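Taking it in order: structure first as structure tokens, then the write-up.
The values are calculated or read from the model by the stated rules, or taken from the named source; none is laboratory data. Here the structure is a predicted model, which is why all the values come from computation and not from measurement. Here the Cβ is made from the backbone with ideal geometry for all residues, glycine too, and neighbour counts use every protein chain on show.
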Amino acid sequence: MRKPLIAANWKMYKTPAEAVAFTEAFLPLTASNRHAEIVLFPSATSLPAVIDAIHSSHIRVGGQDMHWLDEGAYTGATSPIMLKALGCTHVLIGHSERRQYFGETDETVNRKLKSALAHHLVPIVCVGEHLAERESSHTASVLKRQVAAALLGVDPNHAAPLVIAYEPVWAIGTGLTATPEIAEEAHKIIRAQVAASLNSIVAASTRILYGGSVKPENASSLCRLSDIDGALVGGASLDPSSFAQIVHNAMA
Ligand code: PGA
């Protein structure tokens, strides 16, 4: 009932020409995919080129971040209306790099989530604990706090497209992957918090992705677990054959 979602977060990599070259190589490799929702998150400057290149394919494209307001004097920011006008269908919200380097807080995540839902963008809200928090047994409380804060005031009747990505910060770009047991346990905590904050029907239909050093070799053992509904992939999504292999393995 929850459609698997496999997403590529390209962060600050790839010029428009490089992004189009990826897309041209990647599309034939996943042309037979009928089961996974595949979403590319290029940098803002590559969005138009990638949206043009995936035209009429099964691939979707989203922004890596957005402001919560429709417009205003916010130099450097991109609004939900601008993402929609380009043809974006999804948006990443609260990635740990945004929280760490760009002042993203639980409160701004909450504003952005409500705005994305209002604009019919599929929001992927990222949560996850730091290593010190895991080592001091605070993982559950951090995840509950982040999810509860993100969902504060969200109308359960309009929350349907919600996606959450569990990305333990210690696993991002480090080559350290959460074991399937660690990931499954975190996903259960997150789903329980969605039920507490919204309701159990929304919780049952919310897709929860795992992110953090996902590779072709570990995609299958993670994605076969019942509470893991897909993957948010950084480094290993930059190469078309590697990302296509992840899609295949995640669906195997
Ligand atoms: P990684 O990044 O796959 O390179 O660890 C994941 C992410 O930051 O979304």
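Values for this structure:
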item	result
Unmet criterion (only one of (1) out of contact with any strand residue (DSSP E or B) (no Cβ under 9 Å at 6 or more places or on another chain); (2) farther than 24 Å from ASP229 by Cα; (3) assigned to a loop (DSSP other than H, G, I, E, B)) for GLN100	(3)
Positions within region 220-245 being in contact (Cβ under 8 Å) with a residue 60 or more places away in the chain and aliphatic (A, V, I, L, M), in sequence order	ALA231, LEU232, VAL233, LEU238, ALA244
Residues of region 199-217 that turn out to be within 16 Å of the ligand (Cβ to nearest atom) and either surrounded by fewer than 22 Cβ atoms within 10 Å (Cβ to Cβ) or within 15 Å of LEU162 (Cα to Cα) (or both), as a count	8
Any hit, region 122-130, residues being over 20 Å from GLY173 (Cα atoms) and surrounded by fewer than 23 Cβ atoms within 10 Å (Cβ to Cβ)	yes
Some residue of region 175-198 being assigned to a loop (DSSP other than H, G, I, E, B), surrounded by fewer than 17 Cβ atoms within 10 Å (Cβ to Cβ) and touching a residue at least 40 places away in the same chain (Cβ under 8 Å)	no
Looking only at region 219-243, and only at residues there that are surrounded by 20 or more Cβ atoms within 10 Å (Cβ to Cβ) and part of a helix (DSSP H, G or I), the one that is farthest from the ligand (Cβ to nearest atom)	CYS223
In region 41-69, the residues that are touching a residue at least 24 places away in the same chain (Cβ under 8 Å) and assigned to a loop (DSSP other than H, G, I, E, B)	PRO42, SER43, ILE54, SER57, HIS58, GLN64, ASP65, MET66, HIS67, TRP68, LEU69
Residue in region 134-142 that is of a type in the set (D, E, K, R), surrounded by fewer than 17 Cβ atoms within 10 Å (Cβ to Cβ) and away from the ligand (no atom under 16 Å from the Cβ) present	yes
Residue in region 165-177 that is among the β-branched types (Val, Ile, Thr), at pLDDT 95 or above, within 16 Å of the ligand (Cβ to nearest atom) and in contact with a strand residue (DSSP E or B) (Cβ under 8 Å, 6 or more places away or on another chain) present	no
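Yes/no per residue for (1) free of Cβ contacts under 8 Å to residues at least 40 places away in the same chain; (2) in contact with a helix residue (DSSP H, G or I) (Cβ under 9 Å, 6 or more places away or on another chain); (3) not polar (S, T, N, Q):
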residue	(1), (2), (3)
GLY72	yes, no, yes
THR75	yes, no, no
PRO80	no, yes, yes
LEU86	yes, yes, yes
VAL122	no, yes, yes
VAL154	no, yes, yes
